[in-house]
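Laboratory data are not the source of any read-out in this text; all were calculated from the coordinates shown. Note that the structure is a prediction, hence the values are computed from the model and not measured. When we count neighbours, we look across all protein chains shown, and the Cβ atoms used for this are built from the backbone with ideal geometry, even at glycine.
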Amino acid sequence: MKLEKPHTLKELSEILNCSFVGSPDHLVEGINEIHKVESGDLVFVDHPKYYDKALQSAATTILIDMEVDCPEGKGLLVSSDPFRDYNKLTVLFSPFYPWSRSVNSPKGVSPYAVIQPNVSIGRNVTIGKHTWIHSGVVIYDNVHIGDNVVIHANTVIGADAFYFQKKEDHFRKMHTCGRVIIEDNVEIGALCTIDRGVSGDTVIGESTKLDNQVHIGHDTVIGKRCLFAGHVGVAGCVTIEDDVTLWGQVGVISDVTIKSGAVVYGQSGVGKDLEGNKKYLGSPCDDARTTFTELASLKHLPALLRKMKD
Amino acid sequence: MKLEKPHTLKELSEILNCSFVGSPDHLVEGINEIHKVESGDLVFVDHPKYYDKALQSAATTILIDMEVDCPEGKGLLVSSDPFRDYNKLTVLFSPFYPWSRSVNSPKGVSPYAVIQPNVSIGRNVTIGKHTWIHSGVVIYDNVHIGDNVVIHANTVIGADAFYFQKKEDHFRKMHTCGRVIIEDNVEIGALCTIDRGVSGDTVIGESTKLDNQVHIGHDTVIGKRCLFAGHVGVAGCVTIEDDVTLWGQVGVISDVTIKSGAVVYGQSGVGKDLEGNKKYLGSPCDDARTTFTELASLKHLPALLRKMKD
Amino acid sequence: MKLEKPHTLKELSEILNCSFVGSPDHLVEGINEIHKVESGDLVFVDHPKYYDKALQSAATTILIDMEVDCPEGKGLLVSSDPFRDYNKLTVLFSPFYPWSRSVNSPKGVSPYAVIQPNVSIGRNVTIGKHTWIHSGVVIYDNVHIGDNVVIHANTVIGADAFYFQKKEDHFRKMHTCGRVIIEDNVEIGALCTIDRGVSGDTVIGESTKLDNQVHIGHDTVIGKRCLFAGHVGVAGCVTIEDDVTLWGQVGVISDVTIKSGAVVYGQSGVGKDLEGNKKYLGSPCDDARTTFTELASLKHLPALLRKMKD
C-alpha cells in the first residue's frame, strides 16, 4: 500500500523507537511485502537467510533486525522485532475498526464482543469479550466461544452431525444435542463449518487458527496452536493434539488420533493414527520421506519396464 | 451431555418401555457416545462386535439390544432398537424447536415449513411441509423443495451453471434457466452449492444426505438414499444412481454415470463411468482392491530398483 | 425446460433471423441440452463432430450451423452461431431480471449495479456498473470491483490473510490492510473466498471465471480469462498468468508462478512453478503425459514383483 503522504526515515524511527541507517530525510512512500515492493517502499526482513534478497530488492527502506551495510541510496530501520514493528506501521497507516458494535447484546454475549450485521445466533450461546463475529456468520444452539476469538464471514458454527443409520429404504438421523466449544484466541476463516457434538463436545483449542473453507466434524477435539490451511476436512470423532499443522486440502477420516507436533502436507489423506513430531505425505499418507522415495522411484518404473521387456 | 438432574435406571426403562438389568435406583447422570463416555454416563450399542467395548467402557449404563451379563456396579437397558431409544432420550433431554416460524409464508412456501432469519428466496420457488431452511440459505429462482427436507445454514441452491464458451479474447456465458428439484426427506449440510440446470433439472433424489461443503454441478441427477461426505465435488451433467456413497473430498468429472450401490473412498477422482455395487479408490479411481494392490507394490519399488542396480 | 406454449419452426426462424429446413408448422415444445432432450425439444449443436448425435437424439428440432440432411419428421434451424441463438431463445422464454435494485446506492457503488438483499459492504469499496452482487455476499474493506462482474450468493471477498508467526506459545497475526481488485467481466461462483492482500493487492484479472467454493489466498494475482473449477484452492502470493485452466479440487502452494495457457487436471497439486501452454497432472503434478505413463506403468508393477519373486 502507498502511504497517504511520505514519511522520513527519522519520523518512522521515532514512531518505532528504533535506530536507523541512512539519510534522516530519506522518504518512505509505501509499505509492502518482499514479492510486491517497488521503489519508495519499505519492506521487512527478520532472518539472515533473506537479508540479501530484501536489501537488493526494489524496496528503498528495509526494516531489519541487525545493523548491516546499507546499499547506496537506501535506508535501514534497525528493530529488535521487525514483524511487530511492521504490524505497528500498517495498523498506524490503515487502522481497522468495527463496522458496528452490538449495543444491546443478547444474553450470553459480552458487551465487548463485536457482532456485525446479518449474524444469526441460536439459543444457549455465549460469546466472550473482544471476540469478533463477522457478517453472515450463523451460530446454532449450544455454542460457547471464548475471548479474543475472530470468526470470519459466513462461517457456520454448530450445524448437525452427519450421522445417519441405514435402514431398509431410508436413513434414520441421530439427533444432535451436543455443543461446540471454541477456546480463547482462536481464529476461524470465512466459510468454515464446525459441527456440534452428537451428545458430547466439538472443541477447537486455544490459539488454533483455521484458514477458509475448513470443515470440522462432530465430536472432534482439536488441541492448542494448530494450523489448518484452506479446504482441510476433518471427519467426526477425531482427536488432534497440540501444535499440529495440516496443509491445504488434507482430509482426515473419523475416529483417528493425530499426536502433537505432526505436520501433514497438502492433499494428503489421514487414514489411521499418526505419531507426533513427524511429517506425513500421500493419500493414504505415510512418513513423508517414505512417500517421497516412492514417488521418486515411480519415475524410474516406465524405463525399468521397458528394460525388462528387452 | 450431562442431564439437568440424574434419572434412575427404572425411570428410564419406563420412558423407553424396555426391561433393565441392575439396581432400579442405579443413577444415569449423562448421555454420550462411546469415545466420550465417563462414569455416570449412558452409552448405546447395537452390534455384538462392540458389546465388550461398551460394557467395559467408563460408561456405567449401557443401552443394548440383548440381555448380557452386567458388569458389577453397572446397569443395562435392554431395548429392541438402541439407536431409536438413544435418540428418544436425547430428544427428551435436549428438545430442539424452531427459532422462528414463517407466519406469512411467501407464495409456494408451505405454512408448515420453517424458514429461519436471513433466508433469501427467489421467484418460482416451492417449499414443502415440515421442511426446515436454516439461516442464511440463498435459494435462487426455479427451485422446488419437497417435504421433510433440511437445508443447513448458508447453503446456496440454484446458482448459475459454470458453463462458458471460449471466444477469441473473452468467454460467452450460457444463460441458466433450468431448475433444481430436491425430493422429500433430503438433508443438505451447511455451505453446500447445488447449481440450477442450464435448461433441464438438477435433481437430488429422495432420502439422499449431503454433508457440509458439497458442490453439485448443473443438470446433475442424483438418485435416492445416496450419502456424500464433506467437500465432495460433482461436476455438471453427471448421473448418480441410488444408494451411492462418496466419501470425503471425492471429485467426479462431468458427463459420467455412477451405478447403484457404488462406494467411492475418500479423495478419489471419478474420471469415467463406474459399475454398481463395487468399491473404488484412487485418482483416477479403479476397483479398490486393484488400487490397494498397486499402492502396496509401490512400497516395494525402491528396494527393487536398488537391487536391479547391483 | 418446456415452453409455455409451443412455437412453430417458422416463428423461431423469424425470431432468430435464420433459415430452416422442415415443415414451417413443425412444433417446438421445449428447449434442452443434448443429454436431456426428449421428443418436442430443440437442441443445439455447433461442431460437425456432434452433428450425428444431435440429429439422431430424441430432440425433434436441431439448431445447427450447417444445412445438413434433415431426419424424417424433424426440423432444422440453420444459424451462423447456434450457441448465441440458443441463449437468445432461453433468455426470451425465461427472462432473468433483478430481484431488487439498489436505489440509494452506498458511496462508491454504481447506481447501475444490482445489490441483492442481505449483502454486507465494508468501507472503501467500489462496485462498477452492471455488476451483480447476489444475496448474502460479504465484502470487507478495501475491495474494488469492476463493471459487468457477477458475484454469486454467500461469497466472501476480502477476509484477512492467513498469515501467522509462531511464537513460543502462541501465534502473532500479521495485520491485513491490502486490497482486493476484481477486474471487469469477472464471474465468481457461490461460496468462494478471496482474501485481501496483506499490504498489497489480491487481483482477479479481466474475464476470469471461478466456479463455486474456490479459495484464493492473500496477494495472489490472477490473469485474464482463467477458468477455475469447483473447490480449487490457491494459496497466498501466487502468480497465475492469462488463460490458465485449473480443474476441480486443484491445489496450488504459496509463492509459485503458473505461466500463460497452462492446464492443470483435477485433484492435482501444484508445488512449483509451471511453464505455460502445457498440461499437468498428479500430486505433486508433473507434465500430464509423464504422469499418465507412470500411472500406466504402476498397473504392471504387481505382476513384475510376482515375476521377480519366482
The range A:125-189 and the range B:167-185: distance between their alpha carbon centers, rounded to Å | 32
Between beta-carbons, use under 9 Å as the cut-off and find the net charge around C:K2, counting Lys and Arg +1, Asp and Glu -1.
-> -3
Distant alpha-carbon pairs in chain B (separation over 29 angstrom), percent | 55
Sorting from shortest, the nanometre distances separating the label point of A:E168 (7 Å past Cα along the line to Cβ) from those of the same residue in the other copies are 6.6, 6.6
Residue by residue, what Karplus-based ³J(HN,Hα) values in Hz, rounded to whole numbers, does the range A:128-144 have, using 6.51, -1.76 and 1.60 with θ = phi - 60° and x for Gly and Pro?
-> x, 6, 6, 8, 10, 10, 6, 3, x, 5, 10, 10, 6, 5, 6, 10, 10
For the range B:1-83, state which GluC sites (Glu not before Pro) are in a DSSP loop and have at most 11 other beta carbons lying within 10 Å of their beta carbon.
-> B:E67, B:E72
Cα centroid of the range B:18-69 to Cα centroid of the range B:205-219, whole Å | 35
Calculate how large, on average over all directions, the projected area of the Cα convex hull of the range B:2-93 is; give the answer in nm² to one decimal.
-> 5.0
Amide H neighbours of A:L63 under 5 Å, at least 5 residues apart or on other chains, H built in the peptide plane: list them.
-> A:V43, A:F44, A:V45, A:L77
How large is ³J(HN,Hα), in whole Hz, for each residue of the range C:107-117 in order, when computed from phi with the Karplus curve 6.51 cos²θ - 1.76 cosθ + 1.60 and θ = phi - 60°, using x for Gly and Pro?
-> 3, x, 9, 4, x, 9, 8, 10, 10, 7, x
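My understanding is that a pair violates if its Cα-Cα distance is over 20 Å; which of A:K224/A:K278; C:K167/C:K272; B:K53/B:K74; A:K224/A:K279 do that in this structure? The partial results should precede the final answer.
Working: A:K224/A:K278 17 Å; C:K167/C:K272 28 Å; B:K53/B:K74 14 Å; A:K224/A:K279 18 Å.
Pairs exceeding 20 Å: C:K167/C:K272.
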Shortest first and in nm with one decimal, please list how far the A:P302 label point sits from its counterparts in the other copies (point 7 Å along Cα→Cβ).
-> 2.3, 2.3
So who's got an amide H within less than 5 Å of the one on C:W132, skipping anything under 5 residues away but keeping other chains? H placed 1.01 Å off N, in plane.
-> C:V114, C:V149, C:V150, C:I151
With a cut-off of 16 Å, note down the residues of the range A:286-301 whose backbone N falls inside the zone around a label point 7 Å from the Cα of A:K278 toward its beta carbon.
-> A:286-294
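What's the average, rounded to a whole number, of partner chain beta-carbon atoms within 10 Å of each residue's beta-carbon in A:185-196? Walk me through the numbers before you get to the answer.
On the way: counts 3, 0, 5, 0, 7, 15, 14, 5, 12, 2, 6, 0.
The shielding value for this peptide is 6.
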What net charge is computed for the residues neighbouring A:E183, neighbours being all others with C-beta under 13 Å from the C-beta of A:E183, Lys and Arg scored +1, Asp and Glu -1?
-> -2
Taking amide H positions as placed in the peptide plane 1.01 Å from N, state which residues far from C:D219 in sequence (5 or more) or on other chains have amide H under 5 Å from it.
-> C:G197, C:V198, C:T202, C:C237
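In peptide A:217-229, how many Cβ atoms from other protein chains are near each Cβ within 10 Å, on average?
Working: counts 5, 1, 4, 0, 2, 0, 0, 2, 6, 0, 4, 1, 9.
Shielding by partners across A:217-229 averages 3.
What does the net charge come to around C:R196 if you take all other residues with beta carbon closer than 12 Å to its beta carbon, with K and R at +1 and D and E at -1? Numbers along the way, then the final one.
Numbers: positive: C:R179; negative: C:D141, C:D160, C:D195, C:D201, C:D219.
Around C:R196, the surrounding residues sum to -4.
Explain nothing, just the number: relative contact order of the range A:227-310, from Cα pairs under 8 Å at least 6 residues apart, as a whole percent. Please report the intermediate quantities before stating the final value.
Working: 184 pairs, mean separation 16.2, N = 84.
The normalised contact order for the range A:227-310 reaches 19 percent.
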Using only C-alpha positions, report the orientation-averaged shadow area of the convex hull of the protein assembly as shown, nm², one decimal.
-> 45.0
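To the nearest 20 debye, what is the magnitude of the charge dipole of chain A about its Cα centre, counting +1 on the Cβ of each Lys and Arg and -1 on the Cβ of each Asp and Glu?
Values: 31 positive and 39 negative charges, 214 e Å.
Here the size comes out at about 1020 debye.
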Among C:Y50, B:S39, B:A288, the residue whose Cα sits farthest towards the positive end of the charge dipole of the protein assembly as shown, when +1 is placed on the Cβ of each Lys and Arg and -1 on the Cβ of each Asp and Glu, is B:A288
Ranking A:T126, A:G269, A:M308 by how far each Cα lies towards the positive end of the charge dipole of chain A (+1 on Lys and Arg Cβ, -1 on Asp and Glu Cβ), the top one is A:M308
If unit charges are put on Cβ atoms (+1 for Lys and Arg, -1 for Asp and Glu) and the dipole of chain C is taken about its Cα centre, the option from C:A153, C:I115, C:H215 lying farthest towards the positive end turns out to be C:H215
Per-residue average of Cβ from other chains inside 10 Å of C:74-86 = 1
One decimal, nm, shortest first: give the distances between the label point of B:G108 and those of the same position in the other copies, each label point 7 Å from Cα along Cα→Cβ.
-> 3.4, 3.5
DSSP-defined antiparallel bridges as percent of all bridges, the range B:2-93, nearest 5 = 40
Tabulate in residue order the Karplus-calculated ³J(HN,Hα) for the range B:218-226, using 6.51 cos²θ - 1.76 cosθ + 1.60 with θ = phi - 60°, rounded to whole Hz; enter x for Gly and Pro.
-> 4, 6, 7, 10, 10, x, 8, 6, 7
Scattering from the C-alpha atoms of the range C:122-267 alone, worked out with Debye: what is log10 I(q)/I(0) at q = 0.12, 0.15 1/Å?
-> -0.44, -0.68
Where a Cα-Cα gap under 14 Å defines reach, which aspartates and glutamates qualify for C:K299, not counting those fewer than 8 residues away within the same chain?
-> B:D286, B:D287, B:E294
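In percent, how large is the relative contact order of chain B, given Cα pairs closer than 8 Å and 6 or more residues apart?
Relative contact order of chain B: 7 percent.
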